[in-house]
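*Asks:* Could you have a look at this structure, given as structure tokens, before my questions?
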Amino acid sequence: MFVEPPLTDALIRGAILTAAALVWVLLLSRIVGLRSFSKMTAFDFVATIATGSLLASAAIAASWTAFVQPMVALAALFTVQFALSLLRQRSERFQGMIDNRPHVLMRGGVIDEEALRRTRVARSDVLAKLREANATKLDDVYAVVLETTGDISVLHANEVDRVLLEGLGNHGDVPEKAARPEGGRLGS
């Protein structure tokens, strides 16, 4: 305890430990760089969540040992994230081992029902993302891609630079116009 009574101690301790932990996280993020809180990979996303959890643990620590442990864990987490980012940058093989692969969910105006099943993405999620991207006609959408982060990207236009399709494998072979189901409507 810092002071008496216990309520005052809890208030002061909470404020001081939270500020100290936050400064530690900011220092670590300055050392590691802008990727610290990105969600480029699944690990980045998990690291961001873990950072919040460890910060909360430090803020409510009842002893110095309970405070130091999450601070050490934060440093270890940032170090692992930094090391993984370097390995991903230097080795395509390593990157392929730890990263998810993007998937094409829609090509040339036609939703790929098999891709939806494989990736467990609901058709309604794709339609919502199309509306969010201001798509007004399915024929005007070149492709919809489930990215490695879990985000869904919508590519508009009749043509897309091939570099934007890198990493999609065979799924990147998006036809100019795919055959539409009977009556021009997509099945439900």
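The values are calculated or read from the model by the stated rules, or taken from the named source; none is laboratory data. Small disclaimer: the values here were computed from a predicted structure and weren't measured. Using ideal geometry, Cβ is built from the backbone for each residue, glycine included, and neighbour counts are taken over all protein chains shown.
*Asks:* Here is a check on your reading of the model: is Arg30 touching an Asp or Glu at 6+ places or on another chain (Cβ under 8 Å) and closer than 14 Å to Phe78 by Cβ?
*Replies:* No: the conditions fail for Arg30.
*Asks:* Regarding the range 7-15, can at least one residue be identified that is modelled with pLDDT of 90 or more, β-branched (Val, Ile, Thr) and either farther than 29 Å from Glu147 by Cβ or part of a helix (DSSP H, G or I) (or both)?
*Replies:* The answer is no, given that none of the residues of the range 7-15 is modelled with pLDDT of 90 or more, β-branched (Val, Ile, Thr) and either farther than 29 Å from Glu147 by Cβ or part of a helix (DSSP H, G or I) (or both).
*Asks:* Of the residues in the range 152-165, how many are under 27 Å from Ala122 (Cβ atoms) and without any contact (Cβ under 8 Å) to a residue 40 or more places away in the chain?
*Replies:* The total comes to 8.
*Asks:* Quick one: which of Glu92, Glu132, Glu147, Glu113 is in the same structural domain as Leu27 (by TED's automatic domain parsing), at pLDDT 80 or above and of a type in the set (Asp, Glu)?
*Replies:* Glu92
*Asks:* If a residue has to be in contact with a Gly (Cβ under 9 Å, 6 or more places away or on another chain) and either at positive phi or surrounded by fewer than 17 Cβ atoms within 10 Å (Cβ to Cβ) (or both) to count, how many in the range 41-64 make the cut?
*Replies:* Going through the range 41-64 one residue at a time, the tally reaches 3.
*Asks:* So in the range 33-47, with the set limited to residues that are part of a helix (DSSP H, G or I) and out of contact with any Ser or Thr (no Cβ under 6 Å at 6 or more places or on another chain), which one is nearest to Leu11 (Cα to Cα)?
*Replies:* Ala47
*Asks:* Still on this structure, please answer the following. Filter the range 90-118 down to residues that are closer than 19 Å to Thr149 by Cα and of a type in the set (Asp, Glu), then give me how many there are.
*Replies:* Residues meeting the conditions: 2.
*Asks:* If you check every pair at least six apart or on different chains, which have Cβ atoms under 9 Å apart with a residue in the range 48-74 that is more than 23 Å from Ala10 (Cβ to Cβ) first and a residue that is aromatic (Phe, Trp, Tyr) and assigned to a helix (DSSP H, G or I) second?
*Replies:* From the range 48-74, the pairs are Thr48/Phe37; Thr51/Phe37; Thr51/Phe78.
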